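Inspection log for the structure reproduced underneath, given as structure tokens.
The values are calculated or read from the model by the stated rules, or taken from the named source; none is laboratory data. Remember, it's a predicted structure, so these values are computed and weren't measured experimentally. Glycine also receives a Cβ, built like all others from the backbone with ideal geometry; neighbour counts cover every protein chain displayed. Just the protein is used for accessible areas: all its heavy atoms, side chains included, with ligands, DNA and RNA removed. Shrake-Rupley method; radii C 1.70, N 1.55, O 1.52, S 1.80 Å.
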Amino acid sequence: MVHEALIFWDPDFEDHLININVGGLKRSLSSNTLSRFPNTRLGRLLSCHTEESILEICDDYDMTAREFYFDRNPFLFLYVFHFYQTGKLHVMDDLCVFSFSQEIEYWGINEFFLDACCSYRYHERKLESRCRNWDEESEVSSVDTSPDEISDFKHDLLHFNTLHCGNVRKRLWLTMENPGYSIPSKLFSFVSIIAVLISIATMCIHSMPEYQVVDENGIVIDDPILHKLEYFCISWFTFEVSARLLLAPNLKKFFQHPLNMIDIVSVLPFYFTLLVEVTKGRDTELGNLGKVVQVFRLMRIFRVLKLARHSTGLRSLGATLKHSYREVGILLLYLAVGVCVFSGMAYTAEKEEDVGFDTIPACWWWGTVSMTTVGYGDVVPVTVLGKLAASGCILGGILVVALPITLIFNKFSDFYRKQKALEAAVRNSDRKGFQEENGDDSQSQESQDPDAALREML
């Protein structure tokens, strides 16, 4: 635009009309109206006396027509125009509060001009959006639930194309990794679940005296049937983790995945105890080393965690606990403060009664049991003040435990939904690839035998 000669504002200006052009939307405001808001962008136009000062405020101008041009959103400017006319800001529910906030900041209008009917809703929506972003940031580091997991999964599938027998290895890997991939994968998952349950059952049965076998030296040994079942389960677990290791498209990701580490930990105790027994003898002859062997045997209970590979709910629960550390930290902080406060009150009221409240650290056990509403009843107050402290401890525990539960449940629902979406993507991506392969084969066959294609058309 060609700028006309600049006409300076008269300090004693009359009520002149100033034309505002925002993205093609033209509106007129009087200089008296703008003078009521001298700190806003349009109000500062009245104090401009040079071309440079005007261009610092607007994008272009025509002084002859008293028209100023702004390259902004014309729809949002209607709210600004209404503000100059009424002196109050209003916000519609369908507006993005952050876009609106940036727009009024550009025009130099403060949020305190918001009318009472919109102020509460506006600030509530801003706070809600910030809380939602805070929750999303705590999930960004998740490997199991990140938005890029489907693309990472497809990248792993493409990696099989560069391997020898890649198509066969890909189908075997999908069969072992995704229980809902196909009928063979469901059968494989069923056998794996049965093996885990048998392993846990044999360990539990072996601890029962009526099922224990004693040799001629009076040493408890494994029942022969249970021993064979244990060997069957460990053979299956070894085959499972070895096959996954050989078929994995990325070994680094394989060893970083928690479920794969659980598979490895579930078989290592058996081979460790077997190696010790073969080289050193039975654990009864090993002293302290025998106690270490017994601890490794008890680690077989962690095999129950293998069920997480075949359960979407368990995987979602693990991801929820992993990424709810803030909520869990707040819960533990509240519990710690409550335990310390109510334990001190109970100690003060019950220290003379000889009922187990001898010291404040001794009262911590009672406070923890009471705040978590477990209530073993091994230590109870007997005085009136002690019972009042116990009542406050129990009620406070109910409130403290209930506060973060909703947040954790919402995260669990989100993780569960994302895990289901990933499983559906696995099935759909492979079905699409299978159809593309069949389509390529059919096209190649038609190109090789045009007479057959012609006969089919006839």
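Which residue, of VAL337, VAL328, is touching a residue at least 40 places away in the same chain (Cβ under 8 Å) and in the same structural domain as LEU403 (by the TED database)?
Testing whether each residue is touching a residue at least 40 places away in the same chain (Cβ under 8 Å) and in the same structural domain as LEU403 (by the TED database) leaves just VAL328.
Looking at the stretch 93-121, I want the residues that are farther than 16 Å from PHE70 by Cα and have a partner that is open to solvent by 70 Å² or more (accessible area, probe 1.4 Å) and of a type outside the set (Phe, Trp, Tyr) with Cβ atoms under 6 Å, at least 6 apart or on another chain. Which pairs are those?
ASP115/LYS88
Please verify whether the stretch 371-379 includes one or more residues that are acidic (Asp, Glu) and either open to solvent by 30 Å² or more (accessible area, probe 1.4 Å) or at pLDDT 90 or above (or both). It would help to see each step written out before you state the result.
Taking the stretch 371-379 as the starting set, the residues that turn out to be acidic (Asp, Glu) are 378.
Right, trim to either open to solvent by 30 Å² or more (accessible area, probe 1.4 Å) or at pLDDT 90 or above (or both) and you get 378.
Yes, there is a match, as at least one residue in the stretch 371-379 is acidic (Asp, Glu) and either open to solvent by 30 Å² or more (accessible area, probe 1.4 Å) or at pLDDT 90 or above (or both).
Taking VAL278 as the residue in question, decide whether it is part of a helix (DSSP H, G or I), modelled with pLDDT of 80 or more and hydrophobic (A, V, I, L, M, F, W, C). It would help to see each step written out before you state the result.
Values: part of a helix (DSSP H, G or I): yes; modelled with pLDDT of 80 or more: no; hydrophobic (A, V, I, L, M, F, W, C): yes.
It is false that VAL278 is part of a helix (DSSP H, G or I), modelled with pLDDT of 80 or more and hydrophobic (A, V, I, L, M, F, W, C).
Restricting to the stretch 70-100, and then to whatever is in contact with a strand residue (DSSP E or B) (Cβ under 6 Å, 6 or more places away or on another chain) and of a type outside the set (Phe, Trp, Tyr), can you tell me which residue is least open to solvent (accessible area, probe 1.4 Å)?
Applying the filter and picking the extreme gives LEU89.
Tell me, which helices (runs of 4 or more DSSP H) lie completely within the stretch 302-411 with 1 or more residues that are within 30 Å of VAL196 (Cα to Cα)? First the steps, then the outcome.
Numbers: elements: 312-322, 325-350, 360-371, 384-402.
Answer list for the stretch 302-411: 312-322, 325-350.
Name, by its number, the condition in (1) assigned to a strand (DSSP E or B); (2) open to solvent by less than 70 Å² (accessible area, probe 1.4 Å); (3) not small (Gly, Ala, Ser) that does not hold for LEU46.
Just one mismatch for LEU46, condition (1).
Could you tell me whether the stretch 176-184 includes any residue that is modelled with pLDDT of 80 or more, open to solvent by 40 Å² or more (accessible area, probe 1.4 Å) and in a helix (DSSP H, G or I)?
Yes, the conditions are met somewhere in the stretch 176-184.
For (1) open to solvent by less than 60 Å² (accessible area, probe 1.4 Å); (2) touching a His at 6+ places or on another chain (Cβ under 9 Å); (3) farther than 17 Å from VAL304 by Cβ; (4) assigned to a loop (DSSP other than H, G, I, E, B), each residue gets a yes or a no:
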| residue | (1), (2), (3), (4) |
| --- | --- |
| PHE188 | yes, no, yes, no |
| ALA195 | yes, no, no, no |
| MET203 | yes, no, no, no |
| LYS228 | no, no, yes, no |
| LEU245 | no, no, yes, no |
| PHE255 | no, no, yes, no |
| LEU259 | yes, no, no, no |
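Out of the stretch 63-89, which residues are over 16 Å from SER31 (Cα atoms) and either modelled with pLDDT under 85 or in a helix (DSSP H, G or I) (or both)?
Narrowing the stretch 63-89 to residues over 16 Å from SER31 (Cα atoms): 69-79, 88-89.
Passing the criteria: PRO74, PHE75, LEU76, PHE77, LEU78, TYR79.
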